[in-house]
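*Asks:* Pasting in a structure now, in structure tokens, and then I'll have a few things to ask.
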There are 2 protein chains.
Amino acid sequence: MEKKRIIVIGGSAAGPKAASRARRLDEHAEITMIQKAPDLSMASCGYPYYVGGFFDDRNQLLTSPAGIVRDSKFFWNAKRIKALVNTEVTKIDRKNKSVEYKDLVTGEAASLAYDKLIIATGATPRKPPVPGVDLKGVTTLQSMADADFLRQVGDEGEVQKAVVIGGGLIGIETCEALHLSGIEVTLVEMLPQLLAFLDKGMARIVEKYVQTKVNLILQNGVSEFLGENGKLKAVKLLDGSEIACDIAVVATGVRPNSALAKEAGLTIGEFGAIEVNTYMQTSDPDIYAIGDCIEIPNLISGKKVHAPFGDLANLQGRVAGTNVINGNSAQFPGTIQSGICKVFDYGVGSTGLSEQNAARHGFDNIETVLNASPDKPGFMGAKLLITKLVVDKNTNRILGAQVLGPGDVGKQVATWAMAIKGKLTVEDMINADLPYAPPFSLAIDHSIATAHIMQNKLNRLFVGITAEQLKEKLDKKDPMFLLDARNPNEYEAQKLGIGETLIPLGQLRNRLAELPAAKNTEIITWCKISLRGYEAARVIMASGYKNVKVLEGGLNAWPF
Amino acid sequence: MEKKRIIVIGGSAAGPKAASRARRLDEHAEITMIQKAPDLSMASCGYPYYVGGFFDDRNQLLTSPAGIVRDSKFFWNAKRIKALVNTEVTKIDRKNKSVEYKDLVTGEAASLAYDKLIIATGATPRKPPVPGVDLKGVTTLQSMADADFLRQVGDEGEVQKAVVIGGGLIGIETCEALHLSGIEVTLVEMLPQLLAFLDKGMARIVEKYVQTKVNLILQNGVSEFLGENGKLKAVKLLDGSEIACDIAVVATGVRPNSALAKEAGLTIGEFGAIEVNTYMQTSDPDIYAIGDCIEIPNLISGKKVHAPFGDLANLQGRVAGTNVINGNSAQFPGTIQSGICKVFDYGVGSTGLSEQNAARHGFDNIETVLNASPDKPGFMGAKLLITKLVVDKNTNRILGAQVLGPGDVGKQVATWAMAIKGKLTVEDMINADLPYAPPFSLAIDHSIATAHIMQNKLNRLFVGITAEQLKEKLDKKDPMFLLDARNPNEYEAQKLGIGETLIPLGQLRNRLAELPAAKNTEIITWCKISLRGYEAARVIMASGYKNVKVLEGGLNAWPF
């Protein structure tokens, strides 16, 4: 039997996974991996933590768990994969089933034939097309070289000020890294909010927190990088303002590297990324594509998305690695776009669709709810979690959840991701059976409590109002009766101070006379997390008031 | 309209939840809660952590998150629930729809009529019926009084030695609490393993760890508590040995408190607990029962179980509280018996069926697999997780997962619990979309990697052998070739030393000649986590060996 010839273009994340999987399925295949960068299998998601000093040994980004650097020698010895580095594929010749490539060091060119080809060319950071973008000091955080540069900046301690451009995942991770290096950071984001995967109200909470660490500028962008002698001195923004700085990190998203595929005539999708089926097969049956260079279906809406995440790249790699050896037997169905980000001491994560994304994906009858409550009992060192749950009201199916706060966000997002994977409804989550003990969660886990609140809202046991909605009403000076249902000592420690009346829940039934006489008065209740706010609303509704609302998430979710 | 009269018997966990839910649905109902103990809404799962000094303020076990003690006054003021404490219900008169009760302080008796009754009488610790069980120093950890006693023991610092009887959740939590109080602890368990919800091999790993903290005695029980002047001096075991000690804590499980229901003629199930339907309704339509006094279906097998967990009690309370007001509209379908326990610095949890429970519940074609690998990248401070996954081979449906180790066990168990809730198969988990960033998980989450390993095993890409199976073969001196595929420096640092040959994976293809010539030789491979062990097995199988096995979990899961 002929040996199968497999070529993998790309050696960062998806590529090595596909090549390794192929090898494990076929010891005799000839597997060649062609990598443009000098390194292989870089843990690129770890760059911000290396820059931020979470660890000092650069090699940890490049080594196997056993401490061996994953270089060409490693791939040959441990996996019999021929890995060419500093080598660029210049052309895919589909007719002759071969690729042409060039050694970027020697300039030598060559070609190699394949039976099956896997494209894992990744994505390239977008850079704003403005003057000065090539000044020394303007960088991205995408390559090992970038990480080395920014780490050195931190170690040398000479840089005082930095500007980070882009308030997405990488931008925020970069802010934390630079902040930990003792640098004063200004974060500039073009959109009116950070972290576009969050709904605006949730983003507002993150912004309030981030502002305690960095200077935050929203709805503004870079018009020019200003320099002296080729070195960055300041960033000029679209509004004309200038921010003096020694370095600027651009993190304004990535562009799929699909040029090679496009030139070869493979079908490119609406995001400019390579189109594949669930087998990870391109429009050419002998060519597969995986990782940041492809677009894939969102599993909830069926619509295509560009989702450049390291975890998905690995899963796709396993599928392509299987199929090039065994024929199309493994499938990657798509993504629910689960993501998470460390934002200083907060976790911020999301899975499924946000409210704004649900609308964009065609869901027109949705309900949302906020739960801001602890992850564990107070006596076990509880930390706050804030969850926004998005549900399709037609089916009660869970569409998405956003979670943030200092609490155990990772577990919450994983729980919701699995709920969405299982196509569960609110009713399914009501009696979810999660592991409980005080060191790990509340008796009713935060996620289940969120489902309870959602059910109560769907059943009209209460009507909710979000912080932004209330703020808008306040700004418009709408007539309302505002009721804080907490105890006086809690009130003294922290209050909204927006004209509210303090009536502790325990006194409410005896003080109903203090409410406005007109039963159609708009009454808004809250407490710290709005459980007592909810109970107060129930009491007030039972005495005939027709327009009672609960401030969702209570004080805990008030971002103003 | 007449006011609904609701009586709830029991004021610890399920009872208050049901009463509070009923109140939120009906402001005008007359709700009475009758509690035998002096306290209400005790956070009883927190007792071990109070005893162990995780926190010092006893009131935190009794207060609302806002710091108000949940006493009768609180329940009246905040919830208009009349809560009688130190009051025992002596009879349920179903004909007249009333209960008779007695004030345990004054001895006064009275009766009260109900429209709907909720029984939440809980469970009582089993005590071994042996001499000396009433000696001073023999206790349980079930009541606030028990917690006070054991906390005082720790604070006074006079007790040197303690014996804990029972190696279940509470027993092990008690061990940790006493150990943290500076007491030398001996743990005695009647079964051949700790934590019966774990399979034996997983329990063995816990036992190895627990032995670094306490003296562990398995397969032995108490024959007598020995005392002097009414005070405990030693525990005598069934094998005749004696363990000197000042205190003994009995944690040998609980018995449902169903006598009252039984006397009233309600149907009692096979576990001696009250039978209910999914509405939490007993055989009398006007009487509901919830919490530790009932038995409920296991959702995977459909078989009834007694599952006395605080989280389920709360969920059931919500359902009963809804149904007594709105009629049967809410349901609690059953449990997958998710549980978790802090075992010193390990988390130990389980959801669904273990291998031994799957067999007991009628599953006769199952596959299991072990994954022992980190929860995060090494550079982010990875900690070990060991997972055993149990799958129905007929359907590839996930039946259960056990997880333990110093890593993030809570998230793993929650993930699997939701997978089981969604009735997912191995294939579904293969491409689960979980939130990834280095501070939170590996790019391929430990749970997903476990599914990958399971799929590889189901597809016969490797044959596994467990540590116990290998140990058995070693004891029988079966002829085998044992191959450690790690690097020399790893081998020097830690090795099994059971006659293995060290051939690093990177050298294996060049050293195949060192393997036994006979292709039917049984060859067993491993590394630290058995990924390289698996890769080595693939190489060896490809060169014609017919009987190659991978040691599941590698060195990480070797408990001997």
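*Asks:* When you look at residue A:313, is it over 30 Å from residue A:153 (Cβ atoms), surrounded by 18 or more Cβ atoms within 10 Å (Cβ to Cβ) and touching a helix residue (DSSP H, G or I) at 6+ places or on another chain (Cβ under 7 Å), yes or no?
*Replies:* No: the conditions fail for residue A:313.
*Asks:* Moving on. Quick one: which residue in B:41, B:64, B:12 is out of contact with any strand residue (DSSP E or B) (no Cβ under 8 Å at 6 or more places or on another chain) and at positive phi?
*Replies:* Step by step, each of B:41, B:64, B:12 is checked, and only B:41 is out of contact with any strand residue (DSSP E or B) (no Cβ under 8 Å at 6 or more places or on another chain) and at positive phi.
*Asks:* Still on this model: Can you tell me which residue is nearest to residue A:49 (Cα to Cα) among those in the range B:358-411 that are buried (at least 24 other Cβ atoms within 10 Å of the Cβ) and basic (Lys, Arg)?
*Replies:* Once the filter is applied, the top-ranked residue is B:411.
*Asks:* Suppose we filter B:121, B:140 for residues that are closer than 19 Å to residue B:246 by Cα and of a type in the set (Val, Ile, Thr); which single one remains?
*Replies:* B:140
*Asks:* Exactly one of these conditions fails for residue A:300: (1) crowded, with 22+ Cβ neighbours inside 10 Å; (2) in contact with an Asp or Glu (Cβ under 8 Å, 6 or more places away or on another chain); (3) assigned to a loop (DSSP other than H, G, I, E, B). Give me its number.
*Replies:* In the conditions (1) crowded, with 22+ Cβ neighbours inside 10 Å; (2) in contact with an Asp or Glu (Cβ under 8 Å, 6 or more places away or on another chain); (3) assigned to a loop (DSSP other than H, G, I, E, B), residue A:300 misses (2) alone.
*Asks:* Provide a single number: the residues in the range B:44-74 that are more than 10 Å from chain A (Cβ to nearest Cβ) and free of Cβ contacts under 8 Å to residues at least 60 places away in the same chain.
*Replies:* Total satisfying the criteria: 4.
*Asks:* Which strands (runs of 3 or more DSSP E) does the range A:303-398 wholly contain that include 3 or more residues that are within 11 Å of another protein chain (Cβ to nearest Cβ)?
*Replies:* Output list reads A:339-343, A:346-352.
*Asks:* Say we look at the range B:70-107 and pick out the residues that are under 20 Å from residue B:23 (Cα atoms) and of a type in the set (D, E, K, R); which of these is surrounded by the fewest Cβ atoms within 10 Å (Cβ to Cβ)?
*Replies:* B:73
*Asks:* With the checklist (1) farther than 20 Å from residue A:451 by Cβ; (2) surrounded by fewer than 24 Cβ atoms within 10 Å (Cβ to Cβ); (3) of a type in the set (Gly, Ala, Ser); (4) within 9 Å of another protein chain (Cβ to nearest Cβ) in hand, flag the one item residue B:449 doesn't pass.
*Replies:* (4)
*Asks:* Further, regarding this structure: Restricting attention to the range A:453-504, and to residues there that are among the aromatic types (Phe, Trp, Tyr) and either closer than 30 Å to residue A:424 by Cα or free of Cβ contacts under 8 Å to residues at least 40 places away in the same chain (or both), which single residue is surrounded by the most Cβ atoms within 10 Å (Cβ to Cβ)?
*Replies:* Of everything passing the filter in the range A:453-504, A:462 is surrounded by the most Cβ atoms within 10 Å (Cβ to Cβ).
*Asks:* Is at least one residue of the range A:433-452 touching a residue at least 40 places away in the same chain (Cβ under 8 Å), within 19 Å of residue A:527 (Cα to Cα), under 27 Å from the mean Cα position of the chain (by Cα) and outside the structural domain of residue A:390 (by TED's automatic domain parsing)?
*Replies:* no
*Asks:* Just to verify a result, which residue in the range A:351-381, among those that are closer than 22 Å to residue A:530 by Cβ and of a type in the set (S, T, N, Q), is modelled with the lowest pLDDT?
*Replies:* The selected residue is A:373.
*Asks:* Among residues belonging to the range B:93-125 that are part of a loop (DSSP other than H, G, I, E, B) and aliphatic (A, V, I, L, M), point out the one that is nearest to residue B:311 (Cα to Cα).
*Replies:* B:120
*Asks:* Can you spot a residue in the range B:309-319 that is within 29 Å of residue B:48 (Cα to Cα) and of a type in the set (D, E, K, R)?
*Replies:* Scanning the range B:309-319, I find at least one residue that is within 29 Å of residue B:48 (Cα to Cα) and of a type in the set (D, E, K, R), so the answer is yes.
*Asks:* Only one residue in A:497, A:533 is part of a helix (DSSP H, G or I), of a type outside the set (S, T, N, Q) and outside the structural domain of residue A:446 (by TED's automatic domain parsing), so which one is that?
*Replies:* A:533
*Asks:* If you take the residues in the range A:75-90 that are assigned to a loop (DSSP other than H, G, I, E, B) and either in contact with a Leu (Cβ under 8 Å, 6 or more places away or on another chain) or β-branched (Val, Ile, Thr) (or both), which one is nearest to the other protein chains (Cβ to nearest Cβ)?
*Replies:* A:85
*Asks:* Which one of B:205, B:243 is within 28 Å of residue B:351 (Cα to Cα) and touching a strand residue (DSSP E or B) at 6+ places or on another chain (Cβ under 9 Å)?
*Replies:* B:205
*Asks:* Continuing with this model, one more query. Filtering the range A:4-43 down to residues that are part of a loop (DSSP other than H, G, I, E, B) and farther than 19 Å from residue A:145 by Cβ, which residue is farthest from the other protein chains (Cβ to nearest Cβ)?
*Replies:* My answer is A:4.
The values are calculated or read from the model by the stated rules, or taken from the named source; none is laboratory data. None of these values were measured; they are calculated from a predicted model. Cβ: placed from backbone, ideal geometry, glycine included. Neighbour counts: every protein chain shown.
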